[in-house]
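Asks: To start, I am sharing the structure in question, which I have written as structure tokens.
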Amino acid sequence: MAGGSLMRVLPRSPGKFDWQSPYGLPLFLYGVALSTYLQYSQRLDRSTPASHRVVDAVEFRGIVQRPSPRCTRRGIRGSHRVRTAAFLAAFLAVAAACEVPTNRSSQLSVQLDSIPPLVSGDSLVLSARVLADADTVANAGIQFSSSDETVLLVNEDGKLFASKPGEADVTAAALTFADAQADTQTVRVRDVYELDSIAPQLVRFGSILDLFGVGLNQSLAATIGGADAIPHSYVPQDPRQRDRFGRLSLWVTPPAPAVSQAVLLGFEGILISDTILVTQRDVYEPNDTTPAQLGTIADSVFNPALAFERVRRGDGRLAVDWYTFTTTTPGDWTVSVWSPAGGSRFGAYVTNSLIWSSAVLDSDGAGLYAVAPGNWASGAGFRPCDGLGFFYPQYGEYAFTFEVPPDSAVIALKDLPAGTYHVLVNYGEGGPFYDPGANVSVIAVFVDSLNLVVPLPTGLWIKQGYRSYLDPDRFEENDHCGVAQSISVPDTLEQLSIDTPHDADWYAFSLSSGANVQFTVDVSENLADLDTYVIRDRRPDSLVVVDFGFGADAAAVTQTEGVFLDPGNYFLIVVDFLGLPSGYTLRSEILPTLPPTPAELQSLRDRLGARRRLLEQRREAIARGSTGPR
Ligand SMILES: [Ca+2]
Ligand SMILES: [Ca+2]
Ligand SMILES: [Ca+2]
């Protein structure tokens, strides 16, 4: 009865039906209209003995279980427990006798799971399945093979071992379905230390080159075009496998030539990239007569791989590097600029006002960088106050302070008002001076007689916060006259500090009657060499240097002469001649009032002359030291 009705009811058109059994074993019978089939099977369940020749009646092509277990007794038992148990038991007894049913489909194919990137020495177990359309055929045996056993060892069970770098095809084929389309993947086995690709192909100094590969990390010595490359970052593809695939990013540093290769040197050997092209300018160029605008800085701008390009402007002068940055809230900021090749040709200044104008020309008709009246600058040897330089009556000329040129500059500024600031970096011969005719403090840059053509490495870091070598003293910020600290005379002030190289401490004091005042600076760092300048404040007309002190033989104590000072307003500036931070104590005393003698005036002139000569000697020594072979 059952066999006959089944033959009549079941359509012969192929179809499929997913049915989730109450026991979590999804069953899928393929090849018949299963809804009908199951209706029948349920009817049969109630009325028909388990033994049944249902298999003859349906055009099934296989039975599918997901997930596909091996053909085990357990799997079959599970299938028995479906509600249509009676029917299915009979069905499965035939269909699932551990050999997959006959292949009558041209839709069958093998799907080999994606093989992950491999490194020599890796092993894994391959997985694949036979698919009928999009569905997995249960119990279908798979045979795995490798096209090159010297590269990839693959056994029958699909265990794979990557034995050496190279390429091989892995094929998964169905054991029993002769018509099933085999699946092949080409697999590349990477070396444990391998450079894969590099990007971008065209870079500038200060840009970042990304190297992709295996075994790359930041501890490798790296060069680009022979120049030491500065590590930027390393990002592993898989954080749990840092020593495998990843991206190593390097700063492109000068003087990498126009056609360069990246070279990585590790314990495992040397890796060399393809050629990259290097534009011989840094990422902020051109920023000579118009500044590179860094915009509003929330936290920091950092680039250790910039270049001083040593190119000449139209007026024959060496180009400079000029940046502006903007802060939106008052706060502490530190500007740091450095160059290994700095020395006597290096100058870096921060100012709240800077213009370049061919309207402000030097005697040769070259343009100058000018700090406008009323503004300030801070940087070794460049300390205009209200735009003015200091008049040295002993010489009949204007200058600022005498300070040895640094090879790096750290300018830390506390409580900087919100606004836009300028950073000017000058590597050329020349320097700052005050032009009384134009009433501006200017920075002139002259042609570099050394005529070097290679770009010099330099770095820039503008960072929120006050980053000093020593703790700032209680009077910071006092780096320019606009924020000078008022002091009494006489007095003794302790626990002061030159907190970074070339920190300058400005103090303001007034005398209501003439006095013979002597200032003494005691440093805590014996090598430090601090100088004092006593300046008569005659703004807006002039700032006149009336006394000057520096350590004689031992630099530990600096003392002014005790020159008679007329009633009026004064500045006392403590500057760092050598660029050596130190704590200090500042003591002011009133000495017995005596009019200045010609000998005292001569003494001041001599001291200033001595300082100038020492400065020139140091400049020359630095220049000799920094112009050797590079
Ligand atoms: Ca530059
Ligand atoms: Ca200070
Ligand atoms: Ca200061």
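Asks: Does the stretch 303-317 contain at least one residue that is within 16 Å of ligand 3 (Cβ to nearest atom) and surrounded by fewer than 22 Cβ atoms within 10 Å (Cβ to Cβ)?
Replies: no
Asks: Select, from Glu494, Glu476, the only residue that is closer than 21 Å to Leu580 by Cα and buried (at least 22 other Cβ atoms within 10 Å of the Cβ).
Replies: None of the other options fit; the residue is Glu476.
Asks: Any residue in the stretch 501-515 that is within 16 Å of ligand 2 (Cβ to nearest atom), of a type in the set (A, V, I, L, M) and in contact with a His (Cβ under 9 Å, 6 or more places away or on another chain)?
Replies: yes
Asks: Now for a different question. Can you name every one of the strands (runs of 3 or more DSSP E) wholly within the stretch 134-208 that holds 2 or more residues which are more than 16 Å from ligand 3 (Cβ to nearest atom) and of a type outside the set (Val, Ile, Thr)?
Replies: Correct list: 142-146, 152-154, 159-162, 166-174, 183-190, 194-199, 202-205.
Asks: For residues that are among the hydroxyl-bearing types (Ser, Thr, Tyr) and within 46 Å of the chain's Cα centre (by Cα), tally how many sit in the stretch 543-569.
Replies: So the answer is 1.
Asks: For Pro231, all conditions in the list (1) surrounded by 13 or more Cβ atoms within 10 Å (Cβ to Cβ); (2) in contact (Cβ under 8 Å) with a residue 24 or more places away in the chain hold save one; what is the number of the exception?
Replies: Exception for Pro231: condition (2).
Asks: A further question follows. Please note which strands (runs of 3 or more DSSP E) are completely contained in the stretch 241-330 and include at least 3 residues that are without any contact (Cβ under 8 Å) to a residue 60 or more places away in the chain and of a type outside the set (A, V, I, L, M, F, W, C).
Replies: Once the strands (runs of 3 or more DSSP E) in the stretch 241-330 are filtered for at least 3 residues that are without any contact (Cβ under 8 Å) to a residue 60 or more places away in the chain and of a type outside the set (A, V, I, L, M, F, W, C), what remains is 245-251, 292-296.
Asks: Select from the stretch 484-522 the residues that are among the small types (Gly, Ala, Ser), more than 41 Å from the chain's Cα centre (by Cα) and within 16 Å of ligand 3 (Cβ to nearest atom) and list them in ascending order.
Replies: Hits for the stretch 484-522 are Ser486, Ala508.
Asks: If you don't mind, there's one more thing I want to ask. For residues that are closer than 15 Å to Leu195 by Cα and of a type in the set (Asp, Glu), tally how many sit in the stretch 226-248.
Replies: Qualifying residue count for the region: 1.
Asks: A further question on this structure: Determine which member of the set Ala182, Ala199, Ala222 is at pLDDT below 95 and within 26 Å of Glu309 (Cα to Cα).
Replies: Answer to the selection: Ala222.
Asks: Further question: Of the residues Phe205, Phe144, which is crowded, with 18+ Cβ neighbours inside 10 Å and closer than 30 Å to Pro231 by Cα?
Replies: Checking each option against the conditions leaves just Phe205.
Asks: Listed residues Thr328, Thr401, Thr296; which is within 16 Å of ligand 2 (Cβ to nearest atom) and of a type in the set (Val, Ile, Thr)?
Replies: Answer to the selection: Thr401.
Asks: Now, a different point. Can you tell me which residue is surrounded by the most Cβ atoms within 10 Å (Cβ to Cβ) among those in the stretch 318-341 that are within 13 Å of Leu460 (Cα to Cα) and among the small types (Gly, Ala, Ser)?
Replies: Among residues in the stretch 318-341 that are within 13 Å of Leu460 (Cα to Cα) and among the small types (Gly, Ala, Ser), the one surrounded by the most Cβ atoms within 10 Å (Cβ to Cβ) is Ser339.
Asks: Yes or no: Gly437 away from ligand 3 (no atom under 16 Å from the Cβ) and not in a loop (DSSP other than H, G, I, E, B)?
Replies: No: the conditions fail for Gly437.
Asks: Let me ask you something else. Would you check which residues across the stretch 425-457 are more than 19 Å from Gly579 (Cα to Cα) and within 23 Å of the chain's Cα centre (by Cα) and list them?
Replies: Pro455, Leu456, Pro457
Asks: Same structure, new question: Any idea which residue in the stretch 392-409 is modelled with the lowest pLDDT, counting only those that are within 14 Å of Leu580 (Cα to Cα) and not small (Gly, Ala, Ser)?
Replies: Asp407
Residues checked against (1) hydroxyl-bearing (Ser, Thr, Tyr); (2) assigned to a strand (DSSP E or B); (3) in contact with a strand residue (DSSP E or B) (Cβ under 9 Å, 6 or more places away or on another chain):
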{"residue": "Leu368", "(1), (2), (3)": "no, yes, yes"}
{"residue": "Ala380", "(1), (2), (3)": "no, no, yes"}
{"residue": "Arg383", "(1), (2), (3)": "no, no, yes"}
{"residue": "Tyr395", "(1), (2), (3)": "yes, no, no"}
{"residue": "Ala412", "(1), (2), (3)": "no, yes, yes"}
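Asks: Output the residues belonging to the stretch 450-495 that are within 16 Å of ligand 2 (Cβ to nearest atom) and acidic (Asp, Glu).
Replies: Asp471, Asp473, Glu476, Glu477, Asp479, Glu494 - these are the residues of the stretch 450-495 that are within 16 Å of ligand 2 (Cβ to nearest atom) and acidic (Asp, Glu).
Asks: Looking at Gly343, Gly389, Gly379 in this structure, which one is among the small types (Gly, Ala, Ser) and at pLDDT below 90?
Replies: Gly343
Asks: Could you grab the pairs with beta carbons closer than 8 Å, sequence gap of 6+ or different chains, first residue in the stretch 606-626 and under 21 Å from Phe346 (Cβ atoms) and at pLDDT below 75, second one among the acidic types (Asp, Glu) and not in a helix (DSSP H, G or I)?
Replies: Ile622/Asp407; Ser626/Asp407
The values are calculated or read from the model by the stated rules, or taken from the named source; none is laboratory data. These numbers come from a predicted model, not from an experiment. We place every Cβ from the backbone using ideal geometry, glycine too, and count neighbours over all the protein chains shown.
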